[in-house]
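K.L.:
Pasting a structure below so you can have a look.
Values quoted throughout were computed directly from the atomic coordinates according to the rules given, and no laboratory measurement underlies them. Because the structure is a prediction, the values reported are computed rather than measured. Here the Cβ positions follow ideal geometry from the backbone for every residue, glycine too, while neighbour counts run over all protein chains shown.
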Amino acid sequence: MNTHQKLFPIRLMTIAMTRIFLLFTFSLLIISPSFSQDEDIFGITRKARAPKSESSLGNVFRSIQEMFSFQLSAGMARYSMGTEFYSGDAKVYPITQYQNYEFGDAPLPDTLALSTRQWILPTVEAGLRLNLFNILTLGGGYGWEKGILNPFEGSEYQFSFEGLAYRATNYYASAGLVLYDASRRRFLLKQKYKKFNGVNRELKMRMGREYQQRIQQNYPWNISIEAEVGKLNVNQGELVVPKVYQARLAAVQDQYTYAAALRVAYDLSEYASIFVMGKYMQRSFVNASSDFTPFSMDQEAYSVQTGLAIKISGTKRCKVSGCGVVMKHNHNGVEYRGSSIFNFQNRKIGQWY
Ligand SMILES: [Zn+2]
């Protein structure tokens, strides 16, 4: 065996080591671009950012705080409410015949299907909403509404209520799924432009520029669907004109309301947005009286609400005198805002207003 032959295994090992090293470096190079992006698909910032507070606990608190937003909305709803009940002895119910008088008193059927349609105006909601990684949302809050009660009608009969108006309050909890937003759009853009990696240099550069331009655009829309469960409390209004006794509306004890909503939001800034929410709601009331067995009435409502959502900024506003920086910037290693929460913080030249 000569020296060359003796060294052969060592050379093989060196080659293998070099290859492993190269492979390792190469894979790091592939992975690193995705880490150096500002955000991943969940919208979580991976870029090292200046803390929002001088203490690390304060920084954690301030970062969590930015995941919550206060919501205030108002709108109106159209409802339909119906019931089928066994009329029994008609005299105990506030039922009157309201049409076809010319045919004389029609006999009251055994089972009467009654329904009514009216407006709920206004509906007001105030709540808190937690955004989890731009994918899920959790919310909770308090709702207040004022509705009008028209007499129930069915066949030729009317069932009157005591008081024309009612008020209801509602505690609710909601869970939502973000269907589309800025971070989802960025993710899809990344996927879309990936396929130009293999094309010729000129096209690749052109597409690269286009990609950079599109990914830096502010995308203000945010679409989500939400499911909601609430607990209802009804207060029927006092009589406007004292009348003979009439039935009273009451919510079923421990009645839950169920709703599904589509929510479209438009960002005014990183911290403020306006939204429109369309909601379908299902709930039950009880028509109660000491004179007859209470019976339930099912309500279906379609509501539209517009509102404002505000996040309490985790980054404090810069109060350094003479500092006119509009974008987010640092002082002593802590991040500060240069703009109001109603303005985008990353405005570029020409976007001053
Ligand atoms: Zn400053």
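K.L.:
Which ³J(HN,Hα) values, rounded to whole Hz and listed in residue order, are derived for region 317-325 from phi using the Karplus coefficients 6.51, -1.76 and 1.60 in 6.51 cos²θ - 1.76 cosθ + 1.60 with θ = phi - 60°, glycine and proline given as x?
P.N.:
6, 5, 10, 5, 5, x, 8, x, 5
K.L.:
Now for a separate question. For a 30 Å ceiling on Cα separation, which of these pairs sit above it: 190/328; 146/311; 195/316; 190/311?
P.N.:
Check vs 30 Å cut-off fails for 195/316.
K.L.:
Shifting gears a bit: Quick query: amide H of residue 120 versus all other amide H atoms, modeled in the peptide plane; which residues come in under 5 Å with a sequence gap of 5 or more or a different chain?
P.N.:
Close amide H contacts, sequence-distant or interchain: 77, 78, 79.
K.L.:
Sticking with this one: Please list, in chain and number order, the residues 5+ apart from residue 98 or on another chain whose amide H is under 5 Å from its amide H, with Hs placed from the backbone.
P.N.:
157, 158
K.L.:
Let me ask something additional. Restricting to DSSP loop positions (anything but H, G, I, E, B) with no more than 16 other Cβ atoms inside 10 Å of their own Cβ, which GluC sites (Glu not before Pro) remain in region 127-228?
P.N.:
Of the GluC sites (Glu not before Pro), the ones in loops of region 127-228 whose Cβ has at most 16 other Cβ atoms within 10 Å are 156.
K.L.:
Go through region 277-283 residue by residue and turn each phi into a ³J(HN,Hα) via Karplus (6.51, -1.76, 1.60, θ = phi - 60°); whole Hz please, and just put x for glycine and proline.
P.N.:
10, x, 9, 10, 10, 10, 7
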